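Report on the structure given below.
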Amino acid sequence: MSAIVADRIERHAAVDRVFHWVTAASVLALLATGLLPVVGLKFPWVLVHWVSGIVLTLAVLVHLLRSLSWGKLCSIWIRWRDLRGARAGKYTLAQKLMHHALSLTVLITIATGLPMLARIDSPFWERDPYLFAAGTWGVIYVLHGLASLLTLTLAMIHIYFSLLPEKRTYLRAMWNGWITRAELPAEHDPDRWPGPQR
Amino acid sequence: MTPEAVEFVRISRDAWGQEVLEGISWDLLPVAFAIGALVIIGHAIYRLINKSRRT
């Protein structure tokens, strides 16, 4: 047992795991509250939607601030060797692509969702639907809707791949933080990750 | 009889009769869902074929 514990590699720090699951919960809540009324399921969705949006925004801000270190940026950056099929470092090419695609769509929904807060009343501000011209609101709504639909597609694919038996060690690592060297999938290069410094 | 085209945006008219962009067309929601489902089903079939080739 102690040998197994000694063999563990930390894959995700606790704060990153909290970020992941808070993001996952808020994105699923946002998709459900944003899209279910469209398919005819009527319920009071506005409050849950904007509160989830604020939670997501705060989580992404914390993640962005934490990510601004050279090591973290390098671990997620797509390099030529990733494209040439070299063995992966911490993240595989597919994981990097999913991260970047979801980052883009989530950032667009946040950037367009925040001004939309002006269109609803809340205990903290009064509604001001005339903040922008009608045409500008239209563009904001188109971008928000388009990014939301892309997020739906990406979330479906992300959840599917995370549940595959051969990818389950990644899912477990996202829950409890570690992976053992023996479990490390063959596509990882031990010289790139966990790296000689560990 | 012609098939209905998928609309990409919703457009309404304001009190002055001018066209106003409302947002993305919700016709695209099943398209987004179908793309996700197609990738999942496609990959599941690919896995099954690969698995049966290996055994």
Do the conditions hold for A:Ala182, that is, is it more than 12 Å from every other protein chain (Cβ to nearest Cβ) and not in a helix (DSSP H, G or I)?
yes
Pick from A:Leu146, A:Leu104, A:Leu114: which is within 14 Å of chain B (Cβ to nearest Cβ) and surrounded by 13 or more Cβ atoms within 10 Å (Cβ to Cβ)?
A:Leu146
Counting only residues that are of a type outside the set (Phe, Trp, Tyr), more than 13 Å from A:Thr153 (Cβ to Cβ) and within 7 Å of another protein chain (Cβ to nearest Cβ), how many does the stretch B:19-52 have?
5
Give the residues of the stretch A:126-138 that are more than 7 Å from every other protein chain (Cβ to nearest Cβ) and part of a helix (DSSP H, G or I), sorted by residue number.
A:Thr136, A:Trp137
Might you check whether a residue that is surrounded by 15 or more Cβ atoms within 10 Å (Cβ to Cβ) and either modelled with pLDDT of 95 or more or among the aromatic types (Phe, Trp, Tyr) (or both) occurs anywhere in the stretch A:126-133?
yes
From A:Leu64, A:Leu73, which residue is exposed (fewer than 14 other Cβ atoms within 10 Å of the Cβ), out of contact with any Ser or Thr (no Cβ under 8 Å at 6 or more places or on another chain) and not β-branched (Val, Ile, Thr)?
A:Leu64
Count - residues of the stretch A:149-165 that are farther than 14 Å from B:Pro30 by Cα and within 7 Å of another protein chain (Cβ to nearest Cβ):
2
When A:Lys72 is evaluated against the numbered criteria (1) within 14 Å of chain B (Cβ to nearest Cβ); (2) within 17 Å of the chain's Cα centre (by Cα), which criterion, by number, is the only one it fails?
(1)
Members of the stretch A:169-193 that are among the charged types (D, E, K, R) and over 18 Å from the mean Cα position of the chain (by Cα)
A:Arg181, A:Glu183, A:Glu187, A:Asp189, A:Asp191, A:Arg192
Tell me which of these A:Gly34 doesn't satisfy, since it passes every other one: (1) buried (at least 16 other Cβ atoms within 10 Å of the Cβ); (2) more than 14 Å from chain B (Cβ to nearest Cβ).
(2)
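The values are calculated or read from the model by the stated rules, or taken from the named source; none is laboratory data. Just so it is clear, the model here is predicted, and its values are computed rather than measured. Counting neighbours? That spans all protein chains shown, and the Cβs are built from the backbone with ideal geometry, glycine included.
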